[in-house]
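Let me begin by presenting the structure, written as structure tokens, before commenting on it.
The values are calculated or read from the model by the stated rules, or taken from the named source; none is laboratory data. For clarity, every value in this text was computed on a predicted model and none was experimentally measured. Methodologically, a virtual Cβ is constructed for each residue, glycine included, from the backbone with ideal geometry; neighbour enumeration extends over all protein chains shown.
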Amino acid sequence: MAFLRISGHLVNANLFDFNIKYLTMVGLWPNDNWGRNKRYMYKVYEIILHILSVIFIIVTGIGTYQNKDKIIVFMTNLDKSLAAYNFVSKILFFVLKRKQLSNLINEIRNSGDEVSPERRYLMVIHVIIITLVSTTIVTTFSMLSQLKGEMILEAWMPFDPLKSRMSLLLASQILAINFAVPCLYRAFAIQGIVCSIVLYLCDQLVELQQRLKNLSYSEEREGLARIEFKEIIKKHVRIIRYSKILTNIFKEFFLIQNLAVTIELCLNALMVTMVSLEEKTLVASFIGYLGLALLNAYIFCYLGNELIIQSTGIAQAAYESGWTSWPVDMQKDVLTVIRASQIPLTLSAGGMTVMCIQTYSQALYNAYSIFAVLNDVVD
């Protein structure tokens with residue numbers, strides 16, 4: 001782990017190293033320092049993964065349409081395919097905004113902000129766990145489908161996948177190749193970098209709160225106090241700017257996330273009421289995929305909520321500082337900080353809603369409302 005020593009503190013020089021390596025492995029983060037041939041080969045690799053994800057959407061779309069008369073199979077396929085549509089849409093917007101994100105990460109890396117090794121470890125372990133859990137769930141249900149002689153997901157194939165065990169295995173491998181890296185792992189790589197940046201912002205806001213509370217003023221150290229207060233304000237302004245850039249980059253990403261989890265929750269709830277308890281594997285798959293979708297949605301909403309809490313906490317920290325003994329000009333600056341901090345930093349979902357625990361609850365409520373209407377229609 002590389003570090004730089006700045007003002008007596010160890011500052012992590014490679015805060016997002018793991019996330020960047022993950023993005024690079026799944027074809028989403030080319031390195032500007034590579035030679036021409038390597039950049040060309042990587043571009044080919046990236047395009048191939050894009051094509052594979054599109055192929056997955058097309059073949060599963062055809063498979064879903066072919067089973068339009070079988071309501072349970074149709075809705076089951078639609079529910080499972082929704083994850084791919086969700087992931088591919090996020091990847092598309094990520095690629096379009098990738099250059100802006102690269103500039104933001106470079107600026108954060110060069111800022112000299114301190115991040116504890118524990119926090120960096122948390123950033124890494126989150127991505128690893130969510131990837132392993134997702135892979136385990138998908139692999140488990142794929143193996144169960146193989147044992148039952150069924151396709152885990154109905155899709156068009158240039159051969160009959162149910163003709164023999166080998167044909168079924170080949171079809172499953174084709175779907176896995178077109179889904180695992182092109183869709184699943186790429187989506188989690190993007191999730192990792194988003195969560196890491198939000199955690200970084202929250203940590204810096206907590207540090208600013210502590211610095212404000214500990215800021216002391218006296219005539220003997222007036223010059224030092226003014227310099228420290230100026231640095232606090234400059235960093236606060238910088239963190240606000242980082243937050244706005246992050247929101248601008250990922251506003252479509254969060255909007256797709258909210259819409260996907262609402263639709264998926266609705267479909268899963270509806271299917272559970274339609275599927276008999278004898279079809280335990282099918283019911284279990286609904287619950288497994290739904291749990292994974294809800295977990296991912298909760299992570300984003302929790303971090304968004306934490307960003308709101310820590311950003312508004314700056315106002316409380318400024319008020320709790322010893323500002324009453326400060327000069328009038330510094331008191332006016334404190335008032336400006338308090339007023340600015342009363343407007344929380346948020347993660348916007350397409351400008352339509354804010355990512356927070358309340359939004360998560362609202363998404364669950366909306367899904368249940370849609371489910372209740374559809375359930376009445378089905379009955």
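Can you list the helices (runs of 4 or more DSSP H) lying wholly within the stretch 52-155 that have 2 or more residues being free of Cβ contacts under 8 Å to residues at least 40 places away in the same chain and either among the small types (G, A, S) or closer than 22 Å to A297 by Cβ (or both)? Result: 117-148. Residues of the stretch 220-236 include none that is in a helix (DSSP H, G or I) and under 22 Å from the mean Cα position of the chain (by Cα). Among the candidates Q316, Q331, the residue that is in contact (Cβ under 8 Å) with a residue 12 or more places away in the chain, of a type outside the set (D, E, K, R) and either more than 30 Å from I249 (Cα to Cα) or part of a helix (DSSP H, G or I) (or both) is uniquely Q316.
Residue by residue, here is whether (1) aliphatic (A, V, I, L, M); (2) farther than 17 Å from S218 by Cβ; (3) over 39 Å from the mean Cα position of the chain (by Cα); (4) surrounded by 13 or more Cβ atoms within 10 Å (Cβ to Cβ) holds:
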residue: C301; (1), (2), (3), (4): no, yes, no, yes
residue: E306; (1), (2), (3), (4): no, yes, no, yes
residue: Q310; (1), (2), (3), (4): no, yes, no, yes
residue: I314; (1), (2), (3), (4): yes, yes, no, yes
residue: Y319; (1), (2), (3), (4): no, yes, no, yes
residue: S325; (1), (2), (3), (4): no, no, yes, no
residue: D329; (1), (2), (3), (4): no, no, yes, no
residue: K332; (1), (2), (3), (4): no, yes, no, no
residue: T336; (1), (2), (3), (4): no, yes, no, no
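Scanning the stretch 160-199 for residues that are touching a residue at least 12 places away in the same chain (Cβ under 8 Å) and not aliphatic (A, V, I, L, M) yields a count of 13.
When the criteria are applied in full, K38 meets the requirement of being among the basic types (K, R), over 30 Å from F159 (Cα atoms), over 28 Å from the mean Cα position of the chain (by Cα) and part of a helix (DSSP H, G or I). Being out of contact with any strand residue (DSSP E or B) (no Cβ under 6 Å at 6 or more places or on another chain), of a type in the set (D, E, K, R) and free of Cβ contacts under 8 Å to residues at least 12 places away in the same chain is a property that holds for E220.
Selection within the stretch 338-363: residues that are farther than 21 Å from V198 by Cα and surrounded by fewer than 17 Cβ atoms within 10 Å (Cβ to Cβ). The member of this set that is modelled with the lowest pLDDT is Q362. Considering the stretch 123-142, the residues that are among the hydrophobic types (A, V, I, L, M, F, W, C) and modelled with pLDDT under 85 include one that is surrounded by the fewest Cβ atoms within 10 Å (Cβ to Cβ), namely I137. Take the residues of the stretch 261-282 that are at pLDDT below 75, over 17 Å from F74 (Cβ atoms) and in a helix (DSSP H, G or I): which is farthest from the chain's Cα centre (by Cα)? Selected residue: K280.
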